[in-house]
1. In the range 243-257, how many are within 18 Å of residue 13 (Cβ to Cβ) and part of a loop (DSSP other than H, G, I, E, B)?
2. Of the conditions (1) more than 14 Å from the ligand (Cβ to nearest atom); (2) closer than 30 Å to residue 276 by Cβ; (3) at pLDDT 95 or above; (4) buried (at least 24 other Cβ atoms within 10 Å of the Cβ), residue 167 fails just one. Which one is it?
3. Just to be sure before I move on: is residue 249 modelled with pLDDT of 95 or more, within 16 Å of the ligand (Cβ to nearest atom) and either surrounded by fewer than 18 Cβ atoms within 10 Å (Cβ to Cβ) or under 26 Å from residue 26 (Cβ atoms) (or both) in the structure I sent?
4. Taking the range 177-203 on its own, how many of its residues are over 25 Å from residue 234 (Cβ atoms), touching a helix residue (DSSP H, G or I) at 6+ places or on another chain (Cβ under 9 Å) and at pLDDT below 95?
5. May I ask you to list the residues in the range 128-139 that are touching a helix residue (DSSP H, G or I) at 6+ places or on another chain (Cβ under 9 Å) and either away from the ligand (no atom under 14 Å from the Cβ) or not in a strand (DSSP E or B) (or both)?
6. Does residue 221 count as under 34 Å from the mean Cα position of the chain (by Cα), over 30 Å from residue 83 (Cβ atoms) and surrounded by 21 or more Cβ atoms within 10 Å (Cβ to Cβ)?
7. From the list 114, 125, which one is touching a residue at least 12 places away in the same chain (Cβ under 8 Å), away from the ligand (no atom under 16 Å from the Cβ) and surrounded by fewer than 20 Cβ atoms within 10 Å (Cβ to Cβ)?
8. From the residues in the range 253-271 that are under 22 Å from the mean Cα position of the chain (by Cα) and surrounded by 20 or more Cβ atoms within 10 Å (Cβ to Cβ), which one is farthest from the ligand (Cβ to nearest atom)?
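The values are calculated or read from the model by the stated rules, or taken from the named source; none is laboratory data. For clarity, every value in this text was computed on a predicted model and none was experimentally measured. Every residue, glycine among them, receives a Cβ derived from its backbone with ideal geometry; neighbour counts consider all protein chains shown.
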Ligand code: G4P
């Protein structure tokens, strides 16, 4: 098969949701349809305590969660599906956001009894701002949920995106009858044993459906569908691919109901890997030369070895097991012979992979997050990964001052790896670390101790708003405790404002100072 054909087969996406919306259940059901696992419940042993694919780190086991996004791959209807899992909001880290740079689309799972929940709003918004195609799955229609139109309106308002219901539910909870499938023009009846019966619209008039037709839920949904057909948005694949319209599906991951329909339409509509911007111009996925970038580094999956795995999103060409590539940042050649690919609950070695696939490669401590590896004779780098504004800040100090060497080494490496963001006080060697979620601090503290033998103390300093300064505009006398002057890891001057109020006050008082917001998303 040609590279072109291989690339067209790839569908690489992330599933994002609020915890408990049903992401795990939906993933398991999709894997079932992909015939990858015999029994649901092997993806994540969250509650059942079963084997969990991503329970690599002790901390994950302790908390029973998956800290870092895991990767699943399965063949489905002639396609190669790659699913990247992302942790829920309490477990947020920059990894969660960076995962979005490695996918071509996202599936947003929303609990239809709840709608969009506060903490995940930001993750959804990041997708929206980056223009990633978003597919929405309203889950749990087998429970009493909110009105479908109300749920869609919320998405339109919060994400400023058009919605197009691909199917529409008649009733919910105990009174859930099925869905109107607007693509096939069939009513998909929900039968209690989890089976689906597809009835073409024009056959609904038959006597055997008289009882169904008379039910209020059916009639209401039918009216609403007619209204949507007449006055609602029209479907546009171009708008979907531009991230401006989201196809909406209603179903139940648990029943399961509507999952196969969802998967089939999703697979058809979701984009294959596209071109990517680099320092040397655009790279097409079908180019002969292999290239990819590292979006995540996971350390110490095996505590007996200092083993790290770098996760690579392949952006062009074909990967083979024993190939050599160049690391663009250093120009050094690296042999990738120990590569691994993650498939559901196994860690198997792969022979080849193509643009769109995610591979895990052994990292002998040479990679940084955002690194490009390529076979190309003229090395290039993919666009830098965006940095996301930390939401939490803490001062960090070594418990044992005698061990400062380990402390500095640990901080340097973990910061370089992208595990945490670092700021240094202006004239002292005091450090402030920033993260987007509490868990990132826990992991940082754990790894400092376990990998660098450095016990650290973290002290909360609350929220901060960082703004960068031009070096020539640094005048130390104008800053106070509400606007702390610090340096970033590369010694660029930054002000950490205590809140929006102190930021605005400063702007009023010092209009001559340029405050630069380096973060793409706020
Ligand atoms: P998450 O990964 O997004 O955190 O959610 P997960 O799939 O673990 O689902 C959270 C809870 O919601 C689970 O129940 C799960 O069984 C339930 N659930 C998921 N999809 C559906 C659905 O379509 N309908 C209904 N009614 N429930 C659904 P739990 O009691 O918390 O856990 P468990 O003991 O059932 O595993």
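1. The qualifying residues number 4.
2. (2)
3. Details: modelled with pLDDT of 95 or more: yes; within 16 Å of the ligand (Cβ to nearest atom): yes; either surrounded by fewer than 18 Cβ atoms within 10 Å (Cβ to Cβ) or under 26 Å from residue 26 (Cβ atoms) (or both): yes.
Considered against the rule, which asks whether it is modelled with pLDDT of 95 or more, within 16 Å of the ligand (Cβ to nearest atom) and either surrounded by fewer than 18 Cβ atoms within 10 Å (Cβ to Cβ) or under 26 Å from residue 26 (Cβ atoms) (or both), residue 249 comes out as yes.
4. Taking the range 177-203 and keeping what is over 25 Å from residue 234 (Cβ atoms), we get 177, 189-197, 203.
With touching a helix residue (DSSP H, G or I) at 6+ places or on another chain (Cβ under 9 Å) added as a condition, the list becomes 177, 189, 196, 203.
Keeping just the survivors that are at pLDDT below 95 gives 196.
Total satisfying the criteria: 1.
5. Keep residues of the range 128-139 that are touching a helix residue (DSSP H, G or I) at 6+ places or on another chain (Cβ under 9 Å), which gives 128, 130, 132-139.
Matches in the range 128-139: 128, 130, 132, 133, 134, 135, 136.
6. Numbers: under 34 Å from the mean Cα position of the chain (by Cα): yes; over 30 Å from residue 83 (Cβ atoms): yes; surrounded by 21 or more Cβ atoms within 10 Å (Cβ to Cβ): yes.
It is true that residue 221 is under 34 Å from the mean Cα position of the chain (by Cα), over 30 Å from residue 83 (Cβ atoms) and surrounded by 21 or more Cβ atoms within 10 Å (Cβ to Cβ).
7. Details: 114 fails: away from the ligand (no atom under 16 Å from the Cβ).
Criteria check complete, one pass: 125.
8. Our first condition is that a residue be under 22 Å from the mean Cα position of the chain (by Cα); within the range 253-271, this holds for 253, 259, 262-271.
Adding the requirement that they be surrounded by 20 or more Cβ atoms within 10 Å (Cβ to Cβ) leaves 253, 259, 262-263, 266, 270.
On the way: 253: 4, 259: 9, 262: 12, 263: 15, 266: 17, 270: 20 Å.
Ranking the qualifying residues of the range 253-271, first place goes to 270.
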